[in-house]
Structure formats: C-alpha cells, structure tokens
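The values are calculated or read from the model by the stated rules, or taken from the named source; none is laboratory data. Fair warning: this is a prediction, and the values are worked out from it, not measured in the lab. With ideal geometry, Cβ positions are generated from the backbone for all residues, glycine too; neighbour counts draw on all protein chains shown.
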Protein chains: 2
Amino acid sequence: MATLTYLTTTHFDFGAVQQVPAELRRAGISKPFVATDEGVRTAGLVERVTDALGRNVPTSLFDGTPGNPTEAAVLKAFDQYVSDGCDGVLAVGGGSSMDLGKAVALLAGSGGPLAQFDPLAGGGKLVKSVAPLIAVPTTAGTGSEVSVGFVIIMEDGRKLTFASPLFVPKAAICDPDLTLGLPRAMTAATGMDAITHCIEAFLAPTVNPPADGVALDGLWRGWNYLPVAVRDGEDRAARWNMMMCSTEGALSFIKGLGAVHALSHAAGRIERLNLHHGTLNAVFLPAVLRFNAPECVEKYDRLGQAMGLAPGTDIAEAVSAMNADIGLPSGLHAMGLQEEDIPDLIAYAKKDLSALTNPRSAAEDDFEAMIRASL
Amino acid sequence: MATLTYLTTTHFDFGAVQQVPAELRRAGISKPFVATDEGVRTAGLVERVTDALGRNVPTSLFDGTPGNPTEAAVLKAFDQYVSDGCDGVLAVGGGSSMDLGKAVALLAGSGGPLAQFDPLAGGGKLVKSVAPLIAVPTTAGTGSEVSVGFVIIMEDGRKLTFASPLFVPKAAICDPDLTLGLPRAMTAATGMDAITHCIEAFLAPTVNPPADGVALDGLWRGWNYLPVAVRDGEDRAARWNMMMCSTEGALSFIKGLGAVHALSHAAGRIERLNLHHGTLNAVFLPAVLRFNAPECVEKYDRLGQAMGLAPGTDIAEAVSAMNADIGLPSGLHAMGLQEEDIPDLIAYAKKDLSALTNPRSAAEDDFEAMIRASL
C-alpha cells in the first residue's frame, strides 16, 4: 500500500528571506535559537536573515555547528537553547546547521538522549513532539529544509539518520540570493549532493510516483545548471535552479535513498578525514549506478532522458565526466581514504538506513566492490 | 514568489477501500453522507465501500448526483445531509459525485449561498470551514480526490470552479479495483481527462517545479497505459497506472489549468447536450496545443519525452491519433454542438478561471479559432 503525503510550505525565490518574520510568527516562535556555523556567519548570511527580523525579535546565536554535526555539538547547542529561553529554532546554513537545528528542536520537544530516537531501533515512536523550526538553506544540496530526516555523528561513532514526519520544518525559506557567493568547490560538491538525492530517490523501489516525478524534474534542473553554477556563481538562473534541484531532491527522498548514501554516511564518520557528504556522494555514485544497473533498465532510460543524454549513453560514465568537469576528486584515494578504512566502511554501510531502499540488495562483497571501484 | 504546498494523505492500491473506516475515524466522521450517483450505486461500488465500514457506521445515501453536478442537486443533497444529522461526507464516484460532495461539505461548514464562494469574485475568503470529506474515486480521470477545486453548474447557468486549500479531502482512498468494471467509453473519456490535466498543469506558467514533475510522471503513465486500459479493462497494471495518472494530474493542477478546461467548462454547461467533461477535453486538446505552441517550445520537448514520442513529433497530432485509437469522437459536431452554440462558448470560456493560467493569452478570436478547429 502506497501512502503518499506531501510536505511543508516552501517560499522559494530571490528575496524569500523577507518571509522569515511572518513564518516565525506563524510558527509561534518569539525567541528563535539561530543554528548556524562560523563560515555562514562570517560570510554575512546570518545577518542577512536576522536583519529581516527587525529589532523586536531577540535571538540566541549558535555558530558552533561542525562540518559534520556531532552529538556533542547538539548537546552544547541544546544547553544554550535552554539557558537562553528559546522557543523554536531558526536554522541558517547548509545541511549541517539545519540538521543540528533539527536535533535541538527534537531534544526541546521530546527530551534526550538523542540515541533513543534511532529509527532502526524503533525510536521513531518515541518522537512525541518537536519544537517549531524554520529552515533557511545557504547551500543548494542537502534539501534538509523540506526533508523528514537529519544525520548526526553520535558519541559512539555511528553516523545515525533520524527520520519522522515531525522533523519536516514548519516552513522552508529558499532564497537563491544566499547562494550567489558560494565558493566554486562547495557549489560543485553540494550540487552533486542534490543530484544524487534525485537519482537515488527515483531509483528507490518504494511506490511513490509523484515523488518520482519530482526527482526527475530536480535532476533535469540540476544536470543542466550545475556546470553553469560552477563556472559562474553569479548566474542567477543557475543558482535558482540548483536550489530547486536541492529542494526537489529532498521532497523526493521521502521514498528513501540507496547505497550511495549508505557508503557516504559510513565514510563521512571517519573523524580523521572529516569528508564532505556531497563530495562523497559524487565519488560513490558511478560505482553504485553500475551495481544497480541490472535492476533498473527502464528507470535508467528515464534518468538518461531527464539528464538530456543520447539514448544508450552510460549514465555512470556521464556522472564521472560531470565530476571531472566541475572539479570534484577523481576518487576516495585522492580524498585521503586508506586501505585500512575499508572494512569499517563496509560494516557501517551495510547497516545504514539508506541501504534498505537501494534497488538492488547489496551484500558485504558488493559494498567492497563498490568501494574499490570508487578508490 | 513561488509558495509550494503539498497536499493530502492518499492511500493508493488494490484493496485501499479497507482504509475507509480508519480514515472516517481519523476525520471524526461518525455519520457520513455518502455522495454518489445511480450508476455507481447500481454497479455495486457503493456497497463495496460501505461494506468495508461494517455494521456500526450509520450512513445517509444520496445517489442523485447528475452527470454534471448542478446547484439544485447540491441543495437537495445538503437538505438530506442536515435532516439526517450527518457530520461529514464520504464521496464515492467520479468527479461529479466528489464535486457534489465537496459542495455539500462547504455548505455544511460555511453556510450558503454557494455562489458567494466564487473565487473570481473574491469568494475564497468567505470559506471559513468545510465539513470533513473522504473521497473514493471510481473513475480514473478527475483527480478530485486530491484537488483543491470543484465545479458546479449554477442556477444562473454559469459553470463555476470553486477553489480553496480547504476543499482538499481529508484523505483520498484510491483503489483501482473500483475501476476494473468501468465501461470502455468511460475509460477512454476519463483517461483523456487525466492526461489533459497533466498536460495543461505542466504548461501553466505558474512556478511550481515539483508539480511540473508530478504532471510529467502522470502523463508518462497515462500515455502508456490508456490504450491498454481501453482494450482490456481487466488489466490491473493499466488500471493502477491510470488511477495514478488521475491522482497526479490533480496534484499537479494546483498550478492551474488552461484553455482546454476553459472551453470544456463552457461547453459542459450546455444543458441540452449534457456533454462529458473528459470527452470535451480530449476534443479541444489538439487545437489548444497548436495555439499554445509558440509559447511552449522547451516544454513541448519535455511533454514529447514523457509521451515517448520521437523528437520532433507533433504532439497535437499524437493526441488526435490517441483520441481516434481509443474511440473518442472526432470533434464537437459529432457530439451535437451547433453553430449557434459558438458565441456563448466563446463568452464563457474567456471568463473561466482556467483561462487565466493558459500559457498563451487568448482573445475572443483565438477562442473562436480553437473551437472551429475542434468542430
């Protein structure tokens, strides 16, 4: 039985930050906890959002979000949320800030410890309520502003995906203006994150045709506009369409994701490397597409159409060529991954939530082969 | 500014009618007013739904829905709703029954007269509340089970489209089982209704890329499976996909529709003919596609891809060929429309809500040309 539910209110356009005050009011937030990171703050983006609030809204600013948000950072943020008497979250940043913000909102609404909410251990049922959250993305990749999930590296080293309809922000404010200054490398890496979401969501075997359609539309935009956005970060049409690709990717991954994300979550938790999630997705994507191919013949035709490829083009090859074109690393070795990291990667990928919705069931051997093909 | 909002919970699969009792409970309906028509009742479909309710749920059955629902029928139904002490609507049928049910739910929640809610006259603001409604479609065409709108022929002869987010049913129960026995002609006509929704919604200039994606996915399904469903009504995959096309069409026409619907609404109100809405859409679609072509070059490429047409194929021609293949009338003359009906048609089409979102602005002359090309 397919049960289709769609999602949250999204204000989407240049200038959308002007909607933040109205959405805070609608969500009943009088003192927002602003979850962000130092880079976003020093780039002046937090100010652009808080300026829109005017002088009458007190805020509590937290710019300590790490590149991959950790449970320790979440707890530190939550302490500040409580001691500053906040009544909701305003997340401003990329996936890390939004995910940290979601974790804080969960602790504020349902109490800790965070680990109890692990959906693979049935923790979804323990999510009683979540403090209201408004999300303002400053990258075009994660789509966390409309998604049911967030990802945190736990104290015990696991990179856990939490998911519940209650984690969908009360409103998403998508203002491509905030991405105009995004550096080239970050544009490329986050863009491939969004594209991977569209591809993996479309391939997930869950029955949700509307989400399939959203995924293909997002892919069509992302594939056309990512090279443009990387070449010229000031191209407004490219920034608009990349942000839409990101939002659509996350709207569609309500279906689940696949082995690319299982592997990226596994590799993203290696503390020594602190690897970027989008870059990892880009690097794993070709090998996973080759592994999944036998199960996805008709779907690969539709992917190729959305990407504007000539019939019969190898889509894994096309992704590798895109990675090279936009300057992403050629493989895991170039990112610092060592032979001795592999067993750990396999063990974690196998247990990741995203592995459950890969279109082809992957055993340990399969994960190893995909990793080695991505070195 | 694009503000994207998605929609209602939809249970979708063979056997979905089993979800009706739970959804009635969730909606707080203890005595449903069952809005249906005589054909649906005599086909045994109402029984299939009410059987699922068990013995403990009293119902009030109204099978007096006309082929094109009228204000008079709505008022008669509402009288019965009140005198039987109903507290919500269970609509079982095609677009007519669902739309009549929506009108009754509106009167129950916000009072009459119905005409005050005309959105073209600012009536949307007067919609204060709407009684809960669960929709169970028995055709695959209208998509009213997930849509924000409904259409009623008013006492003064206008065919009015009412629209509000509050008109979206609390839940849609889409069970393709209920369409297995649908006669060939009705399968063809309702199927082209769904396909027209996907096409016109995609072409509407409103900015809503997720809805564009949903429209193209629906079109892909509808175009592939309509000929199969018409040839063999027992083909379960075809029935499933046609119902999904119908649902996706209505999910996407939150963007608005276009000149096809403006013309069909105008022609559908000619009392003497009592023409079928889906058939009218099918007959008007080729001429409207030709009229819109100059404004839609890139979009027609994407439509053609979704329809599986070779690049450069004339999509208006392809629609005419589909109409012929599935046995629909070749034009308006064959449906009984006379020369003297034309001025009236033009006058009404021009003022129809759907005309506002046609991708190319149409003057009186343009409407006349489209009508004459569809004779």
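If a residue has to be in a helix (DSSP H, G or I) and either surrounded by fewer than 21 Cβ atoms within 10 Å (Cβ to Cβ) or modelled with pLDDT under 95 (or both) to count, how many in segment B:108-135 make the cut? The qualifying residues number 11. Only one of the listed residues (B:L303, B:L263) is of a type outside the set (S, T, Y), over 20 Å from B:A215 (Cα atoms) and assigned by TED's automatic domain parsing to the domain that holds B:D193. That residue is B:L263.
Residues that are small (G, A, S) and under 24 Å from the mean Cα position of the chain (by Cα) within segment A:294-312 comprise A:G304, A:A306, listed in sequence order. Inside segment A:144-172, residues that are under 18 Å from A:A262 (Cβ atoms) and assigned to a loop (DSSP other than H, G, I, E, B) make up a count of 5. Return yes when B:L226 is surrounded by 24 or more Cβ atoms within 10 Å (Cβ to Cβ), closer than 30 Å to A:F12 by Cβ and either facing chain A (nearest Cβ under 9 Å) or hydrophobic (A, V, I, L, M, F, W, C) (or both) and no when it is not. Here the answer is no, as B:L226 does not meet what is asked.
For segment B:262-269, the count of residues that are buried (at least 24 other Cβ atoms within 10 Å of the Cβ) and under 23 Å from B:G181 (Cα atoms) is zero.
Restricting B:G191, B:G213, B:G249 to residues that are without any contact (Cβ under 8 Å) to a residue 40 or more places away in the chain and under 28 Å from B:R360 (Cα atoms) narrows the list to B:G213.
Rundown of residues vs (1) buried (at least 22 other Cβ atoms within 10 Å of the Cβ); (2) charged (D, E, K, R), yes/no style:
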residue: B:V82; (1), (2): no, no
residue: B:A91; (1), (2): yes, no
residue: B:T138; (1), (2): yes, no
residue: B:E145; (1), (2): yes, yes
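Among what's in segment B:229-246 and is without any contact (Cβ under 8 Å) to a residue 24 or more places away in the chain and not in a loop (DSSP other than H, G, I, E, B), pick the residue that is surrounded by the most Cβ atoms within 10 Å (Cβ to Cβ). My answer is B:A238. Among the residues of segment B:276-298, which ones are within 24 Å of B:P227 (Cα to Cα) and surrounded by fewer than 22 Cβ atoms within 10 Å (Cβ to Cβ)? Selection gives B:R290 alone. Checking A:A347, A:A324 one by one, the residue that is among the hydrophobic types (A, V, I, L, M, F, W, C) and under 26 Å from A:G123 (Cα atoms) is A:A347 and no other.
Being surrounded by 13 or more Cβ atoms within 10 Å (Cβ to Cβ) and either among the polar types (S, T, N, Q) or within 30 Å of A:V228 (Cα to Cα) (or both) is the filter here; which residues of segment A:338-375 pass it? Matches in segment A:338-375: A:S354, A:T357, A:N358, A:M370, A:I371, A:A373, A:S374, A:L375.
Residues that are under 19 Å from the mean Cα position of the chain (by Cα) and β-branched (V, I, T) within segment A:174-229 comprise A:T179, A:T187, A:T190, A:I195, A:T196, A:I199, A:V214, listed in sequence order. If a residue has to be away from chain A (no Cβ under 11 Å) and within 15 Å of B:E298 (Cβ to Cβ) to count, how many in segment B:199-217 make the cut? Number of matching residues: 4.
Taking the numbered list (1) surrounded by fewer than 24 Cβ atoms within 10 Å (Cβ to Cβ); (2) touching a Pro at 6+ places or on another chain (Cβ under 9 Å); (3) not assigned by TED's automatic domain parsing to the domain that holds A:A91 in turn, A:K170 passes all entries but (3).
Here segment A:10-32 is the region considered, the condition is being hydrophobic (A, V, I, L, M, F, W, C) and in contact (Cβ under 8 Å) with a residue 12 or more places away in the chain, and the residue that is farthest from A:G249 (Cα to Cα) is A:I29.
From the list A:A229, A:A204, the one residue that fits, being hydrophobic (A, V, I, L, M, F, W, C) and within 22 Å of A:A362 (Cβ to Cβ), is A:A204.
Can you pull out the residues in segment A:247-265 that are closer than 15 Å to A:N358 by Cβ, in a helix (DSSP H, G or I) and at pLDDT 95 or above? Scanning segment A:247-265 gives A:A259, A:V260, A:H261, A:A262, A:L263, A:S264. Picking from residues in segment A:240-254 that are aliphatic (A, V, I, L, M) and touching a Ser or Thr at 6+ places or on another chain (Cβ under 9 Å), the one that is nearest to the other protein chains (Cβ to nearest Cβ) is A:L251.
Which members of segment A:292-318 meet the condition of being within 17 Å of A:A201 (Cβ to Cβ) and more than 14 Å from chain B (Cβ to nearest Cβ)? Of everything in segment A:292-318, those that are within 17 Å of A:A201 (Cβ to Cβ) and more than 14 Å from chain B (Cβ to nearest Cβ) turn out to be A:N292, A:E295, A:C296, A:Y300, A:I315.
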